[in-house]
1. Taking every DSSP beta bridge that has both residues in the stretch 10-107, what percent is antiparallel when rounded to the nearest 5?
2. In deg cm²/dmol, rounded to 500, what helix-only [θ] at 222 nm does the chain give when every DSSP H run of at least 4 residues adds -39500 (n - 2.57) and the total is split over its residues?
3. Which of 35, 117, 72 moves most in a GNM of the chain, Cα contacts under 10 Å?
4. How would the stretch 1-127 be classified by its alpha-carbon gyration tensor: rounded, prolate or oblate, with rounded meaning a/c under 1.5 and the a/b versus b/c comparison settling the rest?
5. To the nearest 10 degrees, how steeply does helix 50-67 sit against the main Cα axis of the chain, on a 0 to 90 scale?
6. Which stretch or stretches of the stretch 24-42 have amide N atoms under 18 Å from the point lying 7 Å from residue 68's Cα along the Cα→Cβ direction?
7. Work out, step by step, the length gained on full extension between residue 97 and residue 75: first 0.36 nm times the residue separation, then minus their alpha carbon distance; give nm to one decimal.
8. Mind telling me which of 84, 106, 68 comes out most flexible in a GNM of the chain, alpha-carbon contacts under 10 Å?
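Each reported figure results from applying straightforward, stated rules to the coordinates on display, with no laboratory input. The model shown is predicted, which means the values in this text are computed figures rather than measured ones. For neighbour counting, all protein chains shown are included, and Cβ atoms are generated from backbone atoms with ideal geometry for every residue, glycine included.
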């Protein structure tokens, strides 16, 4: 997943976790029309409400303004991970072993870049996904985006 820079992620974690939320991940998308986008995913055992997102957004906005880590204009989005939860960290992949995932590899990777299948394992910076009747080994460093497929 397109993770935010470590410095920004650490700052966000320092705001979100003391408020009682789990920081699922941070995406930082540069060069978008109208400015950069900082997207923050939070979760909690009881789930996430709009009020939770607003509270984190208000607290985080103040800290980001003071620390001034993002130059120029940017948009801050705070949301729950949703049913198609993004996977950022190796622990996220471990947590959801056996679940169906959609994976998109970085554009610099030659060959096939999209997979939809069952997450079988993770070890040594690589994951195994069964897709289209075959087991594929993918490098975590080459994954641009990974999300759970919602179960209905």
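1. If we restrict to bridges inside the stretch 10-107, about 55 percent are antiparallel.
2. Details: 3 runs with 35 residues, N = 152.
About -7000 deg cm²/dmol.
3. 72
4. Details: a/c = 2.15, a/b = 1.42, b/c = 1.52.
Oblate is the answer for the stretch 1-127, as a/c is 1.5 or above yet b/c matches or exceeds a/b.
5. 70 degrees
6. Residues 36 fall inside that zone.
7. Details: separation 22, 0.36 × 22 = 7.92 nm, distance 3.32 nm.
Fully extending the segment from residue 97 to residue 75 adds 4.6 nm.
8. Highest fluctuation of the listed residues: 68.
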